[in-house]
Each structure stands twice: as structure tokens, then as C-alpha cells.
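Right, one structure below, let's go through it.
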Amino acid sequence: MNPLDWLLDSDPAIRWQAMRDLTDASWSTIASARARIPYEGIGADILASQGSDGPWHRPGTPDWLPTLFTFQLLRATGVDGSDPIIERAVSRLEAGFQWDEEFRDKPNKSFFEGEVEPCINGGVLALGAYFGRPTESLARRLLGDQLDDGGWNCDAPKSVCSSFHSTICVLEGLLEYERAVGSSPEIAAARRRGEEYLLERGLFRRRSTGEVASPEFLELAYPPRYHYDVLRALDYFRAAGAKPDARMGEAVRIVEGRWLLERSYDEGLALPFNESVGEPSRWSTLRALRVLRWYERERLASAH
């Protein structure tokens, strides 16, 4: 089957994004497909798995883990946050969740206030912004956490060098926050510094030696949890409306034609993930195709 047809013949969460990013479908058609997410497929499954007390649960794990990463998967579906069923789920989480004492720096800290690590807080900031709870104090905390080399690291201040993992999590959060409340010079500058941290390393190499920083960065993973890979980085730059940079070129070539699920960090989810490592992945295919379309279109436009 043609890859696009394969995406269109799938879960509403995949279908509507394929329509939006890869076809010339009308906005009414796209909106109709998107509206089905809370009631069918993975979106409905995520909502059904939420605890009546607000958080998501997974046996043997603290609630923050399945709550954060299952909620992130809901955001990845692109569901309309203003849908009443979504608003009820978010309100239930907001009322029922508090961070464990070891992860908070003040009493009674709610979910959207975040915790202490930038890799976690980047995801929380993105969720709050997407679902109508942008948190200025959390955004400002992340700005203060930025290291001298431009990125972020959950091990700071013990480590003074940034991490690919933490940096992509924070960049995604700041981008979503900007979309929700509007840009500011301070946040825009922080994002540019973070982006430059990745670009000057070719999105996957060590700056010092030019060696591949980690083999996992070259594997297409989903869901990513907090982990970094080249497709996640490229999809961020696409979402940010960035112009193709020559330093992205090697990463783009790695993504071309590699759309199996090569790794999955689904151990943090409150429900089973419906793709298997080693098999063709709709999530990888969707993101790869839209990255490649963006990169080629922008590259040709800049050439003219």
C-alpha cells in the first residue's frame, strides 16, 4: 500500500495529521477527522484509562510516570483541547494530582506547576500550554535552567554540559508555550540558543570529536518518553517553522526510507501501545513524511 494511503486508513489521530500535513484536503474534512479522536482509537483509549481520581496509573510505578507520558501521548494525537470531554479530563487531572514530595520544591504542587527537572518540566510546560493551562512560572524556571552552552540537563548543576534529551524536551515545551501566550524576546532567544546547541552538533554528533553521541539517536523511537532521536529533533524544527539548515542534512538522510519502529519507550504508559518494535510504524512514517516534505519544500523555496 502507498504510505500515505496506509496513514489515511488508520486511527483518527494519525489520519487527521496525515490529511493536514501531507494532503490538500479541505479544512472541514480535516476537522471532521480530528473531531473523532476522543471517541475512537488511541485517543478514546487514553481517556478511558484515566483514573477517576485524575492521574493515570500503572501498577508498580509512581503516578507521575504514567500520568506525564500518557498525557503526552494524548497531546501527540493532536486532539482539540477545547472539546468538552478533553476539558473534563484535564480538569480532573488538575484537581487530583500532586507531585510526590521528592519532586517538588514547595507543598501541594499541582501537575501544571511542574517539578524540579527540566526534562520533565519541558513536557509539563508543553502539556499545560496545549491544554489551556500555560504556566508562566514554569516557563521562567526553564529559562533560568538554561546552561552556558545553550541547552539543558537534568543533572545540572552537577553537570555543566547540556544533554540532547533534556534540550529537546525543553525546546518542545517553550515552543508550545509561545504558541499559547505569544512570543517574547527572552523565550525566542532561549529557543534559538537551544536550537543552536543541536545544530552545531549536526543533531546527533559530539561537538568535541564529531563522533555519534549515542547510537540510539539514530533509531526512530515512539513513544519517545524523554529520549532524543534525530526524527524527534527534525519534527521539532518543522513544527517551529524553521528554515532548513545545512547542518540538518545528514540527519534528514538518516530518516529517509526508515520508517520501522526501531525503539519504543512505552514502559511509562498507562495502556498498551499498539505498535511493535521491528514492524512498520505509522507514527514514524507520519513524522518522517512530513519532515521530508517540509525540508524539501523549504529548501526549494529558499533556492528561488
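The values are calculated or read from the model by the stated rules, or taken from the named source; none is laboratory data. Quick caveat: nothing in here was measured; it's all calculated off a predicted structure. Here the Cβ positions follow ideal geometry from the backbone for every residue, glycine too, while neighbour counts run over all protein chains shown. What goes into the accessible areas is simple: the full protein's heavy atoms, side chains included, and nothing from ligands, DNA or RNA. Shrake-Rupley method; radii C 1.70, N 1.55, O 1.52, S 1.80 Å.
The table below gives the values:
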item	result
Scope segment 1-34; condition among the β-branched types (Val, Ile, Thr), assigned to a helix (DSSP H, G or I), surrounded by fewer than 17 Cβ atoms within 10 Å (Cβ to Cβ) and touching a residue at least 12 places away in the same chain (Cβ under 8 Å); matching residues	none
Those helices (runs of 4 or more DSSP H) lying entirely in segment 212-304 with at least 2 residues polar (S, T, N, Q)	282-303
Residue match in segment 35-56 (condition: hydroxyl-bearing (Ser, Thr, Tyr), in a loop (DSSP other than H, G, I, E, B) and within 24 Å of residue 119 (Cα to Cα))	no
Count - residues of segment 265-304 that are modelled with pLDDT of 95 or more, more than 15 Å from residue 235 (Cβ to Cβ) and of a type in the set (A, V, I, L, M, F, W, C)	5
Test result for residue 221, of a type in the set (A, V, I, L, M, F, W, C), touching a strand residue (DSSP E or B) at 6+ places or on another chain (Cβ under 6 Å) and within 20 Å of residue 172 (Cβ to Cβ)	yes
Neighbours by Cβ (under 9 Å, 6+ apart or cross-chain): first from segment 131-150, of a type in the set (Gly, Ala, Ser); second open to solvent by less than 30 Å² (accessible area, probe 1.4 Å) and in a loop (DSSP other than H, G, I, E, B)	132/81; 137/114; 150/162
Tally, over segment 268-286, of residues that are open to solvent by 20 Å² or more (accessible area, probe 1.4 Å) and touching a residue at least 12 places away in the same chain (Cβ under 8 Å)	11
Test set (1) farther than 16 Å from residue 287 by Cα; (2) touching a residue at least 60 places away in the same chain (Cβ under 8 Å); (3) not basic (Lys, Arg) - residue 38 fails condition number	(2)
Filtered residues of segment 182-207 (kept if touching a residue at least 24 places away in the same chain (Cβ under 8 Å), touching a strand residue (DSSP E or B) at 6+ places or on another chain (Cβ under 8 Å) and not in a helix (DSSP H, G or I))	204
